[in-house]
1. How large is the Rg to Rh ratio of region A:180-282 when both quantities use alpha carbon positions and Rh follows Kirkwood?
2. Counting only other chains, and only Cβ atoms inside 10 Å, what mean value do you get across the residues of B:253-261?
3. What net charge do the residues around B:G117 carry, taking every other residue with its C-beta under 14 Å from that of B:G117, with Lys and Arg at +1 and Asp and Glu at -1?
4. What net charge is computed for the residues neighbouring A:L238, neighbours being all others with C-beta under 14 Å from the C-beta of A:L238, Lys and Arg scored +1, Asp and Glu -1?
5. For region A:235-250, what does the Karplus curve 6.51 cos²θ - 1.76 cosθ + 1.60, with θ = phi - 60°, yield as ³J(HN,Hα) per residue in whole Hz, taken in order and with x for Gly and Pro?
6. Considering only region A:2-172, what is the antiparallel percent among its DSSP beta bridges, to the nearest 5?
7. Could you put A:R217, A:R274 in order, starting from the residue whose Cβ has the fewest other Cβ atoms within 10 Å?
8. Kindly express, to the nearest 10 degrees and within the range 0 to 90, the angle between helix B:10-22's C-alpha long axis and the longest C-alpha principal axis of chain B.
2 protein chains.
Amino acid sequence: MNITIVGLGVIGGSMAKAIRENIRPENLWAVDVDFNILKEAYEDGIIDDINSDVKIYLESSDMVILCTYPKAAVDFIVSNMDNFKRNTIITDTSGIKSKIVEEVRKILRQDLEFIGGHPMAGKESSGYKYSDGRIFRGASYIITPDEYCSSENVLLLKELLFKIGFMKVVELTPPSHDKIVAYTSQLPHVIACAVISSKSFEEGKECIGGSFRDMTRVADINCQLWSELLIDNKENILTEISSLVDDLKNIHAIIENNDRYKLEELLKRSSIIRREMNYEGN
Amino acid sequence: MNITIVGLGVIGGSMAKAIRENIRPENLWAVDVDFNILKEAYEDGIIDDINSDVKIYLESSDMVILCTYPKAAVDFIVSNMDNFKRNTIITDTSGIKSKIVEEVRKILRQDLEFIGGHPMAGKESSGYKYSDGRIFRGASYIITPDEYCSSENVLLLKELLFKIGFMKVVELTPPSHDKIVAYTSQLPHVIACAVISSKSFEEGKECIGGSFRDMTRVADINCQLWSELLIDNKENILTEISSLVDDLKNIHAIIENNDRYKLEELLKRSSIIRREMNYEGN
């Protein structure tokens, strides 16, 4: 099996490292706008060649994994439409699915297979130098196969994901993915940025503990990527922000009314949900 | 030096363990409503005696560290006012300071010294069995000395805190403490509870990644303790919740208007602040 990874950033680099270690494909190739990164990965023994061009790699690849920004993933497919080998499985790793799958469906050659994907793992630091094949261990992966995907190819992709360390592969429709991820991933990033940009930060920064540190970890954000993700998933993230604002206003009212009973109930419920989340291995 | 710790929960137990290991006082005693906990700590070699009553310990203690809920700390001082040795330093560890310091000042014997304190470290699990002397290592500690505190005693307390592993001791007035902690500690807890109680949780729980896990860690909350803290610090936490709601509404508007430029600016600013926070060792 020959695999090409497009975009050797923190996700692409980690994918490449995990694949190199666990799958040992016949050939593992990569494409990146920065040739120095390719050189580094080659010298690290992660990829097998850096002397050919995209076309050569794609013509022999059985699987192409797009690890770029969402728009760039679609652009890559468009520009290379004639280069993919027949029956190649193309998958992406970007945090938005409806828009991508829709755009890809419009233009994809009928003999190619596209399966949307999204790892529930990453790092706040970006770039190949932060990549690490172990970041996927124990994590979940969402795939969004649709009626154009064959079950054999979905199985093949799932096998690869389990082999490189993912613990759980969840199949969702692209719209469900976008709705859920707005809550489980985008909202935490929005909150982290809101909290850390508060005017209270300057005065408070000498008195930070673990809860603040954990809560704001993902505020160290890739601003271009996340702007694209948030605007592409506008409807869902706006719903989640509004819903959180309502919930915060509710807590505000409870505290304002000194309603200790209601406050304890709410906190108790939260602690139970959080503890169950741990038991369920999430 | 003889030290008595009141309340062997996760903080009191961790204090006791850290003191036992790093200070080696002449005697380390503890008081707890649960005799079995005292027995456990005695068997662990952490405390020196379990056969005397509170009065005996207090009459010989140079320092008393209150590690109970806020109200219980004040109640303890009131009930034992006649038992403290002359010149004893009494300090507490609770997450609220104005109210406590004010109440203590009203009733404290003139020959005793009270210095408010609050470790910026803890655990979401409560109880002696989760205590660990190492949780303070590298953390910050806030103390709130006022005009009734002698500088020698403040220095003595600070020395002890550094010895048991704290990296930084910040001196604040009680009102400043309460204002700052509303932002750095209470707000993250409120957010974690709000996020995890969202109606989106049920659908999303299969697709959780590191950002969601970190953000909601402290939702596993001690509901009695935190209800007390939030209501005692009502004014400050309400200000912080309102301010966060405004900031979230601002982000909502930016996304709604597809204002990618403004969104990138906001996210970029957040990432810079968060990264600087790391450099500054917070």
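1. Details: Rg = 15.7 Å, Rh = 15.8 Å.
We get a ratio of 1.00 for region A:180-282.
2. The per-residue average across the peptide is 4.
3. Value of the local net charge: -3.
4. Its environment carries a net charge of -4.
5. Working through the residues one at a time gives 4, 5, 6, 5, 4, 5, 5, 4, 5, 5, 4, 4, 5, 5, 5, 5 Hz.
6. Percent antiparallel among DSSP bridges in region A:2-172 is about 15.
7. Ascending number of Cβ neighbours within 10 Å: A:R217, A:R274.
8. In chain B, helix B:10-22 runs at an angle near 60 degrees to the longest axis.
Each reported figure results from applying straightforward, stated rules to the coordinates on display, with no laboratory input. No experiment lies behind these values; they were computed from the predicted model shown. Here the Cβ is made from the backbone with ideal geometry for all residues, glycine too, and neighbour counts use every protein chain on show.
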